[in-house]
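The values are calculated or read from the model by the stated rules, or taken from the named source; none is laboratory data. Not measured: the values here are computed from a predicted model. Note: ideal-geometry Cβ built from the backbone for every residue, glycine included; neighbour counts use all protein chains shown. Surface areas here come from the heavy atoms of the whole protein model, side chains and all, with no ligands, DNA or RNA. Shrake-Rupley method; radii C 1.70, N 1.55, O 1.52, S 1.80 Å.
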There are 2 protein chains.
Amino acid sequence: MITVAVDVMGGDFGPEVAIPGLAKSLDRYPELKFQLFGIEDKCLPLLEKFPKLKAASEFHHCEVAVRMDDKPSRALRQGRWRSSMWRSIEAVKNGEADVCVSAGNTGALMAMARFCLRTMANIERPAIAAIWPTVRGESIVLDVGATVGADAQQLIDFSMMGAAMARALFEIDRPSVGLLNIGVEEIKGQEEVKEAGRILRVSELPGMDYRGFVEGDDLGKGTVDVVVTEGFSGNIALKAAEGTARQIGEYLRAAMNRTWLARLGYLLAKSAFDRLREKMDPNKVNGGVFLGMNGIVIKSHGGTDADGFAAAVDVAHDMARNNLISKIEDDLKLFHARLPVTGELVEENQG
Amino acid sequence: MITVAVDVMGGDFGPEVAIPGLAKSLDRYPELKFQLFGIEDKCLPLLEKFPKLKAASEFHHCEVAVRMDDKPSRALRQGRWRSSMWRSIEAVKNGEADVCVSAGNTGALMAMARFCLRTMANIERPAIAAIWPTVRGESIVLDVGATVGADAQQLIDFSMMGAAMARALFEIDRPSVGLLNIGVEEIKGQEEVKEAGRILRVSELPGMDYRGFVEGDDLGKGTVDVVVTEGFSGNIALKAAEGTARQIGEYLRAAMNRTWLARLGYLLAKSAFDRLREKMDPNKVNGGVFLGMNGIVIKSHGGTDADGFAAAVDVAHDMARNNLISKIEDDLKLFHARLPVTGELVEENQG
């Protein structure tokens, strides 16, 4: 049995999207149970419409809902202990749920998760991992915006967490991992990226296959299963790619509307276009995963629809079923057992 | 009259692509003159096929061609003074040409340009500016990989250079400028980006309309005319966007080949697809512009075709016709006259 705690109030549309989304995910995974947190009179009437979901859920009334534009500090001040966001995270902490899902605002969700769940031993900073659609399938990219900048040790932590997530999500034994870098040779590159690469190469961790540096265009190619970078460039890469997909969608619509022949062609190829739209739809891979804390929190896009929210719940299901947290803990222990003094290894390699 | 110095040997295909490309650009801009640098027996037979181009060109034999995989240090050692790449840059320095175009390797080209042309007074570091296709037209994005990291002053320099380039290329008086940042509120953001924003806001430069921060998805939207960031994230954004465009192209091809109805639809809408392909073609906006040195160097994609090379030459033409270098020099003078002590302004703003 897998229990998912849900902040039903999160996102631009709150329960209007979350509740039908949960019902969709439950259809796919009937073993799911839910702990729902939200404002009673906004949620219960909707829940009545989905009897199967209602039967699988326990509902908890919360007085406060964190707003999409609340600053993290305000959200913490107003919403700690009593908001639907806080209480859904707390359910994971208390062992009442295996994983938490919210479409609430990222800053507030991260602040509350850090405060409530705390970072894991040996992990300095959490990361947000995105599931990135590629021509080969999907890759994991992290950090896409939890924090700005990362030193070598943090990049190594991200690599281990990302590899553990790939093992849980894609069910492969030894996911390939690459560090995002830029290819212009004349420049020095980020020293932290180079040092992280040196350490990953010599440490030969059993849970990942470190493949060296990758570049921005390797993201869409799916060159590796896990792409690791610091949060500033990761966030910009993610949004640049999403923006490009939307931009091409607009070009395509405009092109198909220009002549009657194009419109006719569009109609004939409509099923193909629908498939394409599905491939390009960011909702299909909805769900940023917060890693590095003592519990998994899945962040759904705020503006998503029921299908997108269901996709985030599906990700939550996969993470919990495959025991992501204990996979990460095992890897961290192993890594630190192998590398008691990181500095030594680096020197050895430079010598 | 505008004279373009051309490294005919640069790129994956050298003169095979450069010479037909030059001929195409000359058809569009008959006032162009060329100083061509290359290996005689590889270039002259091809040049014979384009009599108009030959008449507009002066050819200079060079013994050395920098290879696409040469490291910058090696390229400088082997190619200084005598390679086609060096000599085309030198032609700008000596006033024999207004601008230089090469499809040679970026690292070597930047190293040679810095060595030969030197950075402008008051500019610490050069930048590479890309012309980015947007749903509204085109924007300028810099730095896309000349150097890693940038402090506030360097970001301000990039803003001024980018704005001057936008005035030269798009012929608008007061281009809008944004600093690339990430939107997660909880985190601090890059301090350098914030400080650059503060200074740009209070200095109210006449040559640009500073609009604050933009995010990765604003790139494709064309929210501002000029997007400024440091080279690591800029390079990753550029390649992530290019990769996404290629990825969607592959999805589209696969979708249109799945059923006979889709194939028929494709045939009927073929002209629309051709328009789309043109919009998505990175060659159409080929040409990274090296800014911040005493002379303009245009870097064409190494793997481009004749159309792409011609697009790079078109950019060179526009930059030279609109006197980009003197625009940048004027702006720098004005900025430094307004802000004799940068520190003061920052404090004033913080107080």
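Ignoring ligands, DNA and RNA, please state the percent of accessible area on the protein assembly as shown from carbon and sulfur, probe 1.4 Å. Reported share for carbon and sulfur atoms: 48 percent. Solvent exposure of chain B amounts to 40 Å² per residue of accessible area, where only protein heavy atoms count and the probe is 1.4 Å. Structural descriptor for chain A: relative contact order 23 percent, calculated from alpha carbon pairs under 8 angstrom and at least 6 residues apart.
Counting only Cβ charges, +1 for Lys and Arg and -1 for Asp and Glu, the dipole size of the protein assembly as shown around its Cα centre is about 1500 debye. Copy-to-copy label distances for residue B:68, where each label lies 7 Å from Cα along Cα-to-Cβ, are 4.6 nm in order of increasing length. Overall shape: prolate for the stretch B:182-304, with the ratio a/c of the largest to smallest alpha carbon gyration tensor axis at 1.5 or above and a/b above b/c. The B and A chains share an interface that buries close to 5400 Å² of accessible area, total over both sides, probe 1.4 Å. Largest GNM mean-square fluctuation across A:129, A:241, A:312, computed for chain A with C-alpha springs under 10 Å, falls on A:241. Counting only residues at least eight positions apart within a chain, or on another chain, the aspartates and glutamates with an alpha carbon under 13 Å from that of residue B:270 are B:278. Position residue B:264: other-copy label points at 1.1 nm, ordered by increasing distance, label point 7 Å along Cα→C-beta. Amide H to amide H, which residues 5 or more places from residue B:39 or on other chains are under 5 Å from it, using H placed in the peptide plane? Here B:62 satisfy the definition. Calculated mean residue ellipticity, 222 nm, chain B: -16000 deg cm²/dmol, from DSSP H runs (n ≥ 4) at -39500 (n - 2.57) each, averaged per residue and rounded to 500. Would you work out if the protein assembly as shown is rounded, prolate or oblate? Take a ≥ b ≥ c from the square roots of the eigenvalues of the alpha-carbon gyration tensor; rounded if a/c is under 1.5, else prolate when a/b is larger than b/c, oblate otherwise. Judged from the Cα gyration tensor, the protein assembly as shown comes out prolate (a/c at least 1.5, a/b above b/c). For residue B:257 and residue A:13, the FRET efficiency from 1/(1 + (r/R0)^6), where r spans their Cβ atoms and R0 equals 51 Å, is about 0.85. How far apart, in nm, are the 7 Å Cα→Cβ label points at residue B:63 and residue A:322? Taking the two extended label points, one gets 6.0 nm.
By the compact-protein rule of thumb, 2.2 N^0.38 Å, the alpha-carbon radius of gyration of chain A corresponds to a ratio of 1.04. Pairs from the table (A:42/A:279; B:71/B:93; A:333/B:239; A:93/A:299) lying more than 25 angstrom apart at Cα are A:42/A:279; A:333/B:239.
Backbone geometry of the stretch A:201-212 corresponds, through the Karplus equation with coefficients 6.51, -1.76 and 1.60 at θ = phi - 60°, to 3J(HN,Hα) couplings of 5, 6, 7, 6, 5, x, x, 8, 10, 6, 10, x Hz, x marking Gly and Pro. Computed from phi, the 3J(HN,Hα) profile of the stretch B:110-116 under the Karplus parametrisation 6.51, -1.76, 1.60 (θ = phi - 60°) reads 5, 4, 5, 5, 5, 5, 7 Hz, with x in place of Gly and Pro. Remark: relative contact order (the stretch A:138-219) = 35 percent; criterion is Cα-Cα distance under 8 angstrom and separation of 6 or more residues.
Annotation: lysines with alpha-carbon distance below 24 angstrom to residue B:49 (same-chain offsets under eight excluded): B:24, B:33. For chain B, the dipole from Cβ point charges (+1 on Lys and Arg, -1 on Asp and Glu) about the Cα centre works out to 1020 debye, to the nearest 20.
A loss of 30 Å² or more of accessible area (1.4 Å probe, protein heavy atoms, ligands and nucleic acids excluded) relative to the isolated chain is seen in these residues of the stretch A:128-163: A:135, A:145, A:148. Averaged over the residues of peptide B:209-220, the number of Cβ atoms from other protein chains lying within 10 Å of each residue's Cβ is 4.
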